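First comes the structure, then the notes that go with it.
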Amino acid sequence: TMAVTGSDGGVCRGLTLSAVATAASAVVIYHSRGDEGALAFAACYLLELSLSVDNMFAFYLLFQYFRTPPELQPIALAWGITGAIVLRALALILGLAAITAMKPLLLLFAVALIYSAYGVLSGGGDDDDDDMSEKRVVRLVKQFIPVTAEYHANQLFAREGGRWRATPLFMVLVCIELSDILFAIDSVPAVLGMSSDTLIVYLAVMCAVLSLRSVYIVTVLLIERFAYLPTAVALLLVFIGFKIVADVLFGYALRTGASLVVIAFILGGGVMASVLSGAQPKVRSYQPVLKSDRCDEHHDHLSDA
């Protein structure tokens, strides 16, 4: 299954609405915060959008892993994006409160960003590790809740064998919300490393996240076709991490315009390197949890997990 189904017209409408909402937010920021605020909004938006694209690709991999039917993917995706919005909003509130009370706490954000980037650049996010993490989630849920062998339309729970069981759709949503938490841990420190203005970071994050429902297929194609895009995103995290360190420890604050140029250069460099090298992206190929031929095979797979 490639992705959530949708017409070209729906995608175009979604892109148009997203562009209008982002432009309107940029105008609000410009009139209330000036040139520097508008540049900060653009930098935060571009940074968050690049991180959120990775978030959407994680959803795509989960749909593959659980063999989620195309008609159920919009439901799971809607929950995933809602979770991303809520978790990022909560993390922004807590993060802004923390750095307002004590700016040196930003150093913890810097460490988290650099460590996360190191995991990507050093190959710490290999296929086997990711596959095992999904199996651990399956095993953990099964310890408390029995799971049905097949999907039951859009139901999260269904009666099977005389007892209530969770459906695979429930498993998908659990994994999606867990991935939302992980990506929020990366996302929020990154944008707070660019700006501590509540209005700027909140509008930038919300505009980026809200745009992803309409461009879900595009995000998948971007990651699949540009092998070095994930590496570019990891380098962005390194840049923001060291930018925070320079600001907090040495009092050197890189101008927002310069930061925006660096972000665009890194992302553009990742795309250009992918095109020129012709390298094939390393796309994880999860073994699906659902077997389409026999229900008992699915039970065996879950038991092995």
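Count, please, the residues in the range 158-200 that happen to be touching a strand residue (DSSP E or B) at 6+ places or on another chain (Cβ under 8 Å) and either surrounded by 15 or more Cβ atoms within 10 Å (Cβ to Cβ) or not hydrophobic (A, V, I, L, M, F, W, C) (or both).
First, pick out the residues of the range 158-200 that are touching a strand residue (DSSP E or B) at 6+ places or on another chain (Cβ under 8 Å): 158-159, 164-168, 170-171.
Still in the list and also either surrounded by 15 or more Cβ atoms within 10 Å (Cβ to Cβ) or not hydrophobic (A, V, I, L, M, F, W, C) (or both): 158-159, 165-168, 170-171.
Here the count works out to 8.
Look through the range 30-74, keep the residues that are more than 30 Å from Ala149 (Cβ to Cβ) and acidic (Asp, Glu), and return whichever of them is most open to solvent (accessible area, probe 1.4 Å). Walk me through how you get there before you give the answer.
Taking the range 30-74 as the starting set, the residues that turn out to be more than 30 Å from Ala149 (Cβ to Cβ) are 30-54.
Checking the rest, the ones that are also acidic (Asp, Glu) come to 35-36, 48, 54.
On the way: Asp35: 104, Glu36: 81, Glu48: 0, Asp54: 45 Å².
Among them, the one singled out is Asp35.
Any residue at all in the range 68-83 that is in a helix (DSSP H, G or I) and without any contact (Cβ under 8 Å) to a residue 24 or more places away in the chain? Before the answer, list the steps.
The initial filter retains those residues of the range 68-83 that are in a helix (DSSP H, G or I), namely 73-83.
Pick out the ones that are also without any contact (Cβ under 8 Å) to a residue 24 or more places away in the chain and you get 82.
Yes, some residue in the range 68-83 is in a helix (DSSP H, G or I) and without any contact (Cβ under 8 Å) to a residue 24 or more places away in the chain.
The values are calculated or read from the model by the stated rules, or taken from the named source; none is laboratory data. These numbers come from a predicted model, not from an experiment. For neighbour counting, all protein chains shown are included, and Cβ atoms are generated from backbone atoms with ideal geometry for every residue, glycine included. These area figures cover heavy atoms from the full protein model, side chains too; ligands, DNA and RNA do not enter into them. Shrake-Rupley method; radii C 1.70, N 1.55, O 1.52, S 1.80 Å.
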